[in-house]
Amino acid sequence: MFSSPEAQQAPTPGPGLTRAHTDATLASRVAPKHFVGATSTYADDVGTFNGGSYRISHRDTNTLLTIQLAVGCPIQARPGVMIAMSPSMSLRGSLSFGWMKALAGGNIARSTYTGPGELLIAPSIMGDITIIRLDGSNEWIVGRDAFLASTTGVKTEYKTQGLMKGVFSGEGFFVWRFYGAGLVWMQSFGAIVKKELADDETYYVNNGHLVAWNCRYKIERVASGGIISNWSAGEGLACRFTGPGTVYMQTRNVSSFVAHLGGDISKNR
């Protein structure tokens, strides 16, 4: 089992803001009296759960999740993320099908690892790992490709998004809804940033940078000055979140990265 790390010092609140603009993926229009910025997740994360323990290390874009499982304790994970495991571990694959999952285009397969032993898994892309704790009374919405692994007490289902969110949020028309009791490990493309929102505080997250959230949001135009201004800024529509709640974001955008690679390849032909 892993020992718990020292408690991290909370970030020092910054000055109050009335309006903020940024060229990055984040922006806040309405700030609370004591504004607290987004926080990074750079330190090792060590913890326990019923039947095992875990450590998240080698952060923030080469992250590794090490899980120790007791006898008979299972863990579910997305296929293809296992790096290594003890010979005493057992692995079983499962496949579930439904029209919702088929339309969503998400992963319909699951791998179940059962202890005793050690399991090493990592994100399917170059990125970080963070954890959500469910206590039976809360639920989270997780991006279509953000799920990495979970304990057996966690329940999952697909949730539909509206037309505007499906087209412009970067997550498509279907996302994951997680509820129940247990732990959920999420993966990202790049590092993970966490933003806590106070009551009625709003915060903008750019398309394609969402990982998970437990507060409401809507699609809103953030650039002003007409079509030419929006096109030149490259930031026309974004997700406007309203607190209270928490939003997890990723520092890299898969679509932008693919477009960048495509441009470089075409130049070198």
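Readers should treat all values here as calculations from the given coordinates under stated rules, not as data from a laboratory. Not measured: the values here are computed from a predicted model.
Backbone phi angles across region 60-68, fed through the Karplus curve with coefficients 6.51, -1.76 and 1.60 (θ = phi - 60°), yield HN-Hα couplings of 10, 10, 10, 6, 10, 10, 10, 10, 9 Hz in residue order; Gly and Pro are listed as x.
Each residue of region 134-142 was assigned a 3J(HN,Hα) from its phi angle through the Karplus expression (A = 6.51, B = -1.76, C = 1.60, θ = phi - 60°), giving 9, 10, x, 10, 10, 9, 10, 9, 10 Hz with x at Gly and Pro.
The stretch between I83 and L120, if pulled fully straight at 0.36 nm per residue, gains 12.8 nm over its current Cα-Cα span. Amide H contacts of S188: D128, each under 5 Å away and 5 or more positions distant or on a separate chain (H built 1.01 Å from N in the peptide plane; Pro and chain starts excluded). Available extension along the chain between E157 and S90 is 21.6 nm, counting 0.36 nm per residue and deducting the alpha carbon span. Our coupling estimate for region 81-91, obtained by passing each phi through the Karplus curve with A = 6.51, B = -1.76, C = 1.60 and θ = phi - 60°, is 9, 6, 9, 7, 7, 5, x, 7, 6, 10, 10 Hz, Gly and Pro reported as x. Taking amide H as placed 1.01 Å from N in the peptide plane, N207 has its amide H under 5 Å from the amide H of C239, each at least 5 places away in sequence or on another chain.
Database remark: amide H of R144 closer than 5 angstrom to the amide H of W176 (H placed geometrically; neighbours at sequence offset of 5 or more, or on other chains; Pro and chain starts carry no H).
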